[in-house]
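As structure tokens, the structure follows; a few thoughts come after it.
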Amino acid sequence: MPTMACKESIFLHIPKCAGSAMTGALKKSGVVTVNYREFGTPHSKITDILLDHVHLQKWAIIRHPADWLRSHFAYRWQKEWPYSDKGGPLYDYKTKNFDKFINYVCKHDPPVTEMFQKFIDDDTIIFKVETLNDDLDEIVQIESEFKPELLTFGNVTENHVEMTKEQRQRIWDHEKEFFSKYYVDANPYMSN
């Protein structure tokens, strides 16, 4: 599902961060004015925003890096994407072993940080998957016609991948410089 320009804001859909659920709710609320998929990319980056929309408030949903990696890994295998030519450690390692995947990812520059930074900037209001239900009133402040009751979650792929405390700690240590800005308690074990 794509990034959406709405009547009062732009929702920046970061992959594996409740974006499909939020996009569906925004569409059902009738606030979507432009579907960025029409411009060639389902997950538009911050630099892809059209000049017509730069004045709108940007907002996005992020996710704890350990939970993001677990979801990404599970989604790849559920969709039978054992390999992709997108490049980078998130896509170029062929394994169905989660621990080997995490070891490989942690040998590279923080890939979740790099990916998230393509979607947001300092002017983007950030919400978190882990607290999204508590943040819905704030989203209504940004997009006044949004109807939170239309938000439903599905497509939960990561429940099939077990994660140890050691794996969570390794991921957090690798990604914490960026994420500690949004996860002030710096808790590597935080989970949804």
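The values are calculated or read from the model by the stated rules, or taken from the named source; none is laboratory data. Remember, it's a predicted structure, so these values are computed and weren't measured experimentally. Don't worry about glycine lacking a Cβ; one is built from the backbone with ideal geometry, like all the others, and counts go over all protein chains shown.
In the condition set (1) in a helix (DSSP H, G or I); (2) under 28 Å from residue 138 (Cβ atoms); (3) among the basic types (Lys, Arg); (4) at pLDDT 85 or above, residue 37 is compliant with all but (4).
Rundown of residues vs (1) touching a Phe, Trp or Tyr at 6+ places or on another chain (Cβ under 8 Å); (2) β-branched (Val, Ile, Thr); (3) modelled with pLDDT of 75 or more, yes/no style:
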position: 31; (1), (2), (3): yes, yes, yes
position: 71; (1), (2), (3): no, no, yes
position: 84; (1), (2), (3): yes, no, no
position: 112; (1), (2), (3): yes, yes, yes
position: 129; (1), (2), (3): no, yes, yes
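Do we find that residue 166 is assigned to a helix (DSSP H, G or I) and modelled with pLDDT of 90 or more in this structure? Here the answer is yes, as residue 166 does meet what is asked.
Under the condition of being of a type in the set (Phe, Trp, Tyr) and closer than 19 Å to residue 73 by Cβ, which residue from segment 104-141 is surrounded by the fewest Cβ atoms within 10 Å (Cβ to Cβ)? Per the criteria, the residue is 104.
Are any residues in segment 92-103 surrounded by fewer than 15 Cβ atoms within 10 Å (Cβ to Cβ) and either in contact with a Ser or Thr (Cβ under 9 Å, 6 or more places away or on another chain) or at pLDDT 85 or above (or both), and if so, which ones? The answer is 92, 97, 99, 100, 103. Considering 137, 123, the condition of being outside any loop (DSSP other than H, G, I, E, B), acidic (Asp, Glu) and modelled with pLDDT of 85 or more is satisfied by 137 alone.
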